[in-house]
Amino acid sequence: MGMILLGLRNLIRSKVRLAVVVVLIAVPFFLLLIMQAIGDAIQGQTEVLKRDVNTLLQLRARGSMGHINMVGQDRILPHDVLEKVSRIGHVVDVEPYLLAMAPITEPNFVMHVGLEPNAVKRLESHGEAGNPRIIAGRDFTPSDRGQDVAIIGQGYAKWAGISPQNIESGQASLVVDPTRSHPVIFPMDRPKRTLNIIGMYASGYVFGDLQLFMPLDTFRDIYAVNQGISWVFVRVNSVDNVESVTKRLQEVVGDVADILAPKGAAVFTATTSRTVTRLTMVGGLLALVLMITVIFFVTLMQVRERSKEIGTLKAIGASDGGVTVEVLTEAIALTFLGGLVALILFRILGETITGPVFAFGITPFLPSHYKPLVQSLSASNQISVSGLGLLILGAVLASAIGSAYGLWQVVKLSPLEAMKHE
């Protein structure tokens, strides 16, 4: 016990050195916390997608994409499908959508989506990835039903010259022109309509950011679609009931509909989630190596500076084990002080700095179509009990490894050699 107390007292022998070493250890510790926060955020997003997809089914008109102005793909579901689907047992939610395409310069077209104001804003080709983050303006409210308002993706907004500042000031608008055509889009003899852009979103997908959401009744009025639905998303109350609901859907509406289970979450897991997890592991290992390196040099410096003191302790009867406990106690205490500083900084700055670190260090390694994920990543500055336990274990491990060589020097150092060294 006395050697432990001596190790702790050694911490304050040089306050300047203590401060410098604690900061040097806090930096890699802080990076470890950032890597963990990024990994947890990605894992959380993946779990949400998996949970939603596992109980979600999509209906489209048989053999059609359901886009009302797409050449050869404009067949939509009959309107009575909504009532039929709603009557099926274990179905807890039915969300209707109408879709139209609009031509622009590269990448050639965008998607206009009509939905109920309280519905999930689903993304083309990633139908299960709903409710992307609003980064400017506001979301829909029930009072927006039938109004000339819309929420635009950041990619579409960039093409249209709409900035977040325009939206916040209430000066953003977009003209919807159904008469425009494209090799895969046929024109519609309908008047233009100006929509007020009330919000901008970021989805994390390039094509997902090229959409415009508007109230379903507004869409029907603009495109003259009085009846029918492009897509219907059906949410089942439990994974266990998905199979039975699918069979029932086939019986009730199978003659006019294709029943699909979106696969975007599986793709997200196999690409972005796995890539980010690996990169955060590498980043965490590098931070751990940096921490071990700092402790290595600090411990070695301490042993060399205190060789006479260590020799004297041995001369008066201190065992190798006792002196080792002293040095190791000091190394562990330094590590924990650095970790405490890092934890405080992370609680203050974690949410602010995680996004820039993710953008700078990780997005260059992601598939190109997932790089905008940084705009929608929501990281927390909270530390879980299990996460804190892993960090403590890492700190102890770093202390033991980093001080190993210095401790070996302690063991082999004899009192006579210490005096000679001095």
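Each reported figure results from applying straightforward, stated rules to the coordinates on display, with no laboratory input. All values derive from a computational prediction rather than experimental measurement. Neighbour counts run over all protein chains shown; Cβ positions are idealised from the backbone, glycine included.
Computed values, structure above
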{"read-out": "Per-pair calculated FRET efficiency, R0 = 51 Å: Asp139 and Arg62 via Cβ, rounded to 0.05", "value": "0.95"}
{"read-out": "Radius of gyration and Dmax over the Cα atoms of region 56-237, both given in Å", "value": "15.6, 47"}
{"read-out": "Neighbour-count ranking [beta-carbon atoms within 10 angstrom, fewest first] of Ser143, Ser181", "value": "Ser143, Ser181"}
{"read-out": "For region 127-184: rounded, prolate or oblate by the Cα gyration tensor [a/c cutoff 1.5]", "value": "rounded"}
